[in-house]
Each structure stands twice: as C-alpha cells, then as structure tokens.
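Input: a single structure, listed below in structure tokens.
The values are calculated or read from the model by the stated rules, or taken from the named source; none is laboratory data. Since we're looking at a predicted model, the values are computed, not measured. Every residue, glycine among them, receives a Cβ derived from its backbone with ideal geometry; neighbour counts consider all protein chains shown. Side chains are part of the model used for accessible areas, which takes the heavy atoms of the whole protein and leaves out ligands, DNA and RNA. Shrake-Rupley method; radii C 1.70, N 1.55, O 1.52, S 1.80 Å.
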Amino acid sequence: MHLVSSPIRIAIAGGNYGGLGALKSLYLNLLATNPDYDGSKQAPPNPNVKITLIDRRDGFVHYLGMTRGLSQPDYARKLWVPYTDMPWLQHPSITIKKDIISCITPTHVELVNSSEHVEFDYLV
C-alpha cells in the first residue's frame, strides 16, 4: 500500500439509512479492498483514509419496522442497534462523533456540543 502525505478525510453528516449506507459503501470500496475479504473479519487498517460519522444518536434506529414493533415486543427489541454492536464500524479508520452539526463551511463542520471542528476533504 502506497502511503500519501495526508489521509483523505471524509465526513458523513448523520447516520441511520443514508449515512450508514454511505459509510458501508465507503468501507467496502476504500477499506475492505482485499479480494480475499469475505466480511467475517474486520478489514485491515488503511492510513490513507479517515472517515468521521457525525450523528446525534449513538446507534441505528430501524424506523421502517416501528409498526411491526408495536405489535411484536420481541421484534421491537431489534429496532435499536448501538454503533458499538456493528463490528465494521470499529475499524481504526472510522471515527464516530455523537453530536449535532451547527455549521458547515467549505473545509470543516462545527459541532453544537464541542468546540472541536471536524475537517474534511469530502462531506457526505
């Protein structure tokens, strides 16, 4: 693997269906690129890519299943999946920030609950 001088920084605004779908696609196309990758283990680290997911929640809510969850309590327990329970999200090139974006500039996003700025090359 060829190392670049600074990694590509990708910020994803929001999780759930859109944000996690984009993140999973980036994971499979940028991080899990080994042809032998079968999804059973975590992809190897890639120092050329840094992906930051910014979401106000710390997990995935399956909104489309809510009505079924009202009538089937066992199914209702499956509607919330913490990000910590998704092994592929624990990749060293992926960071999750539980916060709300207050401002988007051409180079970074500002967060409501932190003075930290998340700098990016690409924003999804």
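Placing unit charges on the Cβ atoms only, positive for Lys and Arg and negative for Asp and Glu, gives the chain a dipole magnitude near 300 debye about its Cα centre. Relative contact order, whole percent, for the chain stands at 31, derived from Cα pairs under 8 Å and 6 or more residues apart. This structure gives volume of the Cα convex hull per residue in Å³, computed directly, and of (1) 146; (2) 94; (3) 121 that value is listed as (3).
Show Ser93, Ser5, Ser114 ordered by accessible area, largest first, where the area counts protein heavy atoms only and the probe is 1.4 Å.
On the way: Ser93 5, Ser5 130, Ser114 45 Å².
From most accessible down to least: Ser5, Ser114, Ser93.
For the chain, take the longest principal axis of its alpha carbons; what is the angle in degrees between that and the long axis of helix 16-26, to the nearest 10 within 0 to 90? On a 0 to 90 degree scale, this one is about 40.
With a 1.4 Å probe and all protein chains left in place, how much accessible area per residue does the chain have, in Å²? Before the final figure, lay out the partial values.
Working: 7650 Å² over 124 residues.
Heavy-atom SASA per residue in the chain reads 62 Å².
Under 5 Å from the amide H of Arg56 lie the amide H atoms of Gly15, Asp99, each residue being 5 or more positions distant or on a separate chain, with H modelled from the backbone and absent for Pro and chain starts. In the chain, the portion of solvent-accessible area held by carbon and sulfur atoms comes to 57 percent [1.4 Å probe, whole percent, DNA, RNA and ligands not counted]. Between Ser115 and Ser71, the modelled label-to-label distance comes to 5.4 nm, taking each label 7 Å out from Cα in the direction of the beta carbon.
Amide H contacts of Ala43 (H built 1.01 Å from N, in plane; Pro and chain starts excluded): no residue 5 or more places away or on another chain comes under 5 Å.
With a Förster radius of 22 Å applied to the C-beta separation of Ser6 and Val61, the computed FRET efficiency comes to 0.05.
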